[in-house]
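The values are calculated or read from the model by the stated rules, or taken from the named source; none is laboratory data. This one's a predicted model, so the numbers in the text were calculated from it and none came from an experiment. Reconstructed Cβ throughout: ideal geometry from the backbone, glycine too, with neighbour counts over all protein chains shown. Calculation scope for accessible area: heavy atoms of the full protein, side chains included, ligands and nucleic acids excluded. Shrake-Rupley method; radii C 1.70, N 1.55, O 1.52, S 1.80 Å.
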Amino acid sequence: MQYQEILDAVHATVSPLIGCGRVADYIPELAAVDPRRFGLALATTDGAVYGVGDWQTPLSIQSVSKVFSLAVALSGNNEAIWRRVGREPSGSPFNALQRLENDRGVPRNPFVNAGALVVVDHLLTLTGDPTRVVLELLRTEGGNPTIDVDQRMAKSEAENRHRNAALAHLLASYGALTHPVDVVLDQYTALCAIAMSCRDLARTAGFLARQGLRADGSRLLSRSNAKRLNATMLTCGTYDSAGEFAYRVGLPAKSGVGGGILAVVPNRCTLAVWAPGLDESGNSCAGRAALDAFTTLTGWSVF
Ligand code: GLN
């Protein structure tokens, strides 16, 4: 089967499910997104890209940005981040306060909100401006210089970020942040509000399928760190349903409450899917079903 035929078949399989789940409404701007949107893109390791549905329409990537923040933190073989954040699945919601309190300010992994706040704090030290550096990576790898922060989305989240502010203050109370809470929160919120299409998202993440190599062949991550980043996505990328996700899909993946999911088939391709309706864990309902259909149809899981 050709890639385009595969995507068309996946689209047909999941079309009865398009619109399932509930759009995130704790960020008002996200609540306004049409729940019947559906896009799916596949980028091969050599940069060819295929898609179906709304695959060229920008979506709010939200927590999918946490993959790129961590990639920048690990680039150049820099592993210092692991002194500040763990890499175990949390088994708790992505914005849980209790877990952070129990763990005394060391977040379980870099993909729960508390962990991502620590990664952003770390990137502030390493780069001075995490959002600018992540955008540079996305624009270059995606081949699209217009990828940017959606300022309306950022403002909408910033006005309602009470839980993330609570997490950041709890981290600060444990001495786990080196920059002011508001500076860390502003950067975190901007990164979550990056808007880009499934097409660009799939292409941008190619380094995860190429064992750390960027589109131009230069190295972003060591082979080990590319493996580790994929492994962390598999175990922690879809929050407290990472087990169910691995069981059904069998690929490293990272979701966001905008309804996007990025998934990696190592050495073959990357996939980006968008369907705004979410399940109880905050993962895209039709998006997961599409990735399930994809690995079932092709047999391309990591298992
Ligand atoms: N910006 C969202 C938040 O911080 C991201 C959460 C997510 O996508 N899971 O709550």
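For the chain, there are no membrane-span-like helices by this rule, meaning no whole DSSP H stretch whose C-alpha atoms cover at least 27 Å of axis and whose Kyte-Doolittle mean is -1.0 or above; this says nothing about an actual membrane. Each Lys or Arg adds one and each Asp or Glu subtracts one; over the other residues with Cβ under 14 Å from the Cβ of GLY53, this totals 0.
Cross-link reach is defined here as a Cα-Cα straight distance under 15 Å, omitting same-chain residues fewer than 8 places apart; for LYS155 the aspartates and glutamates meeting it are ASP25, GLU29, ASP182, ASP186.
Estimated purely from DSSP H runs of n ≥ 4, each contributing -39500 (n - 2.57), the mean residue ellipticity at 222 nm for the chain is -13000 deg cm²/dmol once divided by its residues. Computed over protein heavy atoms with a 1.4 angstrom probe, the accessible surface ordering of TYR239, TYR26, largest first, is TYR26, TYR239. When only Cα pairs below 8 angstrom with a gap of at least 6 residues are kept, the chain shows a relative contact order of 29 percent. Going by the alpha-carbon gyration tensor, a ≥ b ≥ c the square roots of its eigenvalues, is segment 16-122 rounded (a/c under 1.5) or, if a/c is not under 1.5, prolate (a/b greater than b/c) versus oblate? Cα axes put segment 16-122 in the oblate bin.
For the chain, taking Cα atoms only, Rg and Dmax work out to 17.4, 55 Å respectively. Shape call for segment 1-74 from the C-alpha gyration tensor, a ≥ b ≥ c root eigenvalues: rounded (a/c under 1.5), prolate (a/b greater than b/c) or oblate? Verdict is oblate for segment 1-74.
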